[in-house]
Structure formats: C-alpha cells, structure tokens
1. Taking the Cβ of Leu47 as the center, what net charge do the other residues with Cβ under 14 Å away carry, scoring Lys and Arg +1 and Asp and Glu -1?
2. If each of Lys238 and Ser49 carries a label point 7 Å out from its Cα toward its Cβ, how far apart are those two points in nm?
3. Glu72 to Ile172: FRET efficiency via 1/(1 + (r/R0)^6), r the Cβ-Cβ distance, R0 30 Å, to the nearest 0.05?
4. Search the structure for amide H atoms under 5 Å from the amide H of Phe96, placed 1.01 Å from N in the peptide plane, and list their residues when 5 or more places away or on another chain.
5. Pop the C-beta distance of Ser250 and Ala121 into the FRET formula with R0 = 41 Å and round what comes out to the nearest 0.05.
6. Can you give me the long-range amide H partners of Asp200? Hydrogens built in the peptide plane at 1.01 Å from N, cutoff under 5 Å, separation of 5 or more residues or another chain.
7. Determine ³J(HN,Hα), in whole Hz, for all residues of the range 223-234 in sequence, where each value follows from phi through the Karplus function 6.51 cos²θ - 1.76 cosθ + 1.60 and θ = phi - 60°; x replaces Gly and Pro.
8. How much net charge surrounds His66 when only other residues with a Cβ under 15 Å from its Cβ are counted (Lys, Arg +1; Asp, Glu -1)?
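Just so it is clear, none of the values below were taken in a lab; they were calculated from the coordinates. All values reported here derive from a predicted model rather than from experimental measurement. All Cβ positions, glycine included, derive from the backbone under ideal geometry; neighbour counts span all protein chains shown.
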Amino acid sequence: MTNFYSNWYRNGNYGKRVLTVLNDRSPIVEITNAFYPLKYTLYTPLLQSLTNILENVESQYLVMQHSKYSDEEMKNTLKLFELVEKEIIRYNNATFINSSSNNNPNWRKCDNIKIIRRFNAEIRWRIQIVKRERLLRERHFSSFLGNFEDSISPKMIHHILTWLKIKDPEKIELQKIRGKNNKSKEEIISKLNEIGIKMDSSLLCSYIDDNNPMHYLKEWNIKSHKNGKRLKNSEIRKLYKIEFIKREKSYFREPGLVKPTLRDLPLTIENHIMSYLHP
C-alpha cells in the first residue's frame, strides 16, 4: 500500500499539484493557436514517481518550445509519454492509506487520470499539428524540388500500396506495411524502398493498367474527352503513361550539370533549401 501524502504535499503544497502547459510563441503559435497557458490540477493521493515523470514532461515541453518544436525535442517529449502511461497503470493499481474522511482515494485516482490524459493530449495535439503543417509544407516544396515519387499524391500512393498487396499476397514484408491510421505517403514510400519496390513511372504504368483510370485525371492533367466524346479507357491509360514518363524525366538530375530550372538544381543545393523549412 502507498502512503496518501507525497513529499510535495508535506512540504506545504496542500495536497495538489498544478501542471502547466505554457502558451506557444511566434512562429509556432501561428500554427497551434495556443495563445494562453493551460493549467491542470491534480489532488492527492498521488504516487511520487508519477509526479516526477509529469514534472519531467513539463520541463521537456519547455525545452521543446525553446527549440521551436525541433524534430529531436518532439521525439524526446513523445518518449516521455510512454513512461507516463506505465506510471498511470501503476497508479491505477495502487492502494492508498491515511486518506481523510472527506476524500475518496478511488474517486480521486479516476479524476486525476482523466486530468493527466487531458494534459498529455494537449501536448500531443500541438506536436501533431506542427508536424502535420511541416509535412504539408515540405510536401509542397518537394512536389517541384524533390524526386518523382514526391510529386505523386497521397491518395494515389495509398491506392498503389493496396494494389501491390492484392497482387502479391505472399510477400510478407509488403503485407506488413500499413497504409491506414493516417500513415503518411512519405513513410509508405520509404518502407517500399526498403523492400526493393521503387515508385517510378514503370510501376505507375503497371498500376494504371489494372485500375480505373478516371480517379486521377486532375492530378495528372488528363483530358478524358475529345471533341465532346469520352475516350476509351485504353486511350486514357496511354495518356497517363505519357505523363508518367514525361514527369519522371523532368525530375531526373544529370550529375555536374546545372540548368536554369528548379528541378535541375544539384541535390546538395536542394537539401540546403529544404533545411530552412523547420529546425
């Protein structure tokens, strides 16, 4: 059994601990709209180990804010949430003694857990929205600075993954790649590259042969009608294949040769430009 009074309670904090999520500052606040600090009050009984890890989350969040939500500090913050979850399980299973007659420990525990989860959810939400905004911004720049695969829409990438799984159900490495749960197209492309599947014009040509060509007309600027008449699917597929090959060629880099177009910049210069998008 665990004593009702934690150290900070005996030191004059009167049985409560206030967790604070400070407001963000420019330029992050323009993304999160977190203009005001938020406070989350916990009451005894509490485990000292739980309060310690929550204080670590508070401190780490300040570090993350100071770094303007750098990738490294966001990862460090998310790692702490895993420890919080473990401590919540211990806390939920703990039995407390020395509680006052007007305080129900079990009721307090349930209430505290809800508050802790709201505290965690607020920070997680801010991280998620910042990562999403940066991903969209990088995706926008990559569409004309990056590789051919960067120009393909998330919708088409997810559809191609599903098609690959149906086409090759015996390939275990392929079946393990998850396309649901908001998995980004960049993650899917990376996983496919790891197992030797390249998202190139050849793969897209094979895909469009097996699937409805009407789904991506706008993305690839394909006209399905000519002189007021709808083209046959076979004719539309030929137009797709022309566009696939044409776009892939426009992303091809010739080593040592710089042409006066964005896509022909050397990869080192492109990476330098992309490095300014976020810390």
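1. Within the 14 Å Cβ shell, the charges total +2.
2. My value for the distance between the label points is 7.1 nm.
3. The value I calculate is 0.35.
4. HN-HN under 5 Å from Phe96: Thr2.
5. 0.40
6. none
7. Those phi angles translate into 9, 8, 10, 9, 6, x, 10, 6, 6, 5, 4, 5 Hz.
8. Values: positive: Arg25, Lys68, Arg126; negative: Asp24, Glu58, Asp71, Glu72, Glu73.
Taking every Cβ under 15 Å from that of His66, the sum is -2.
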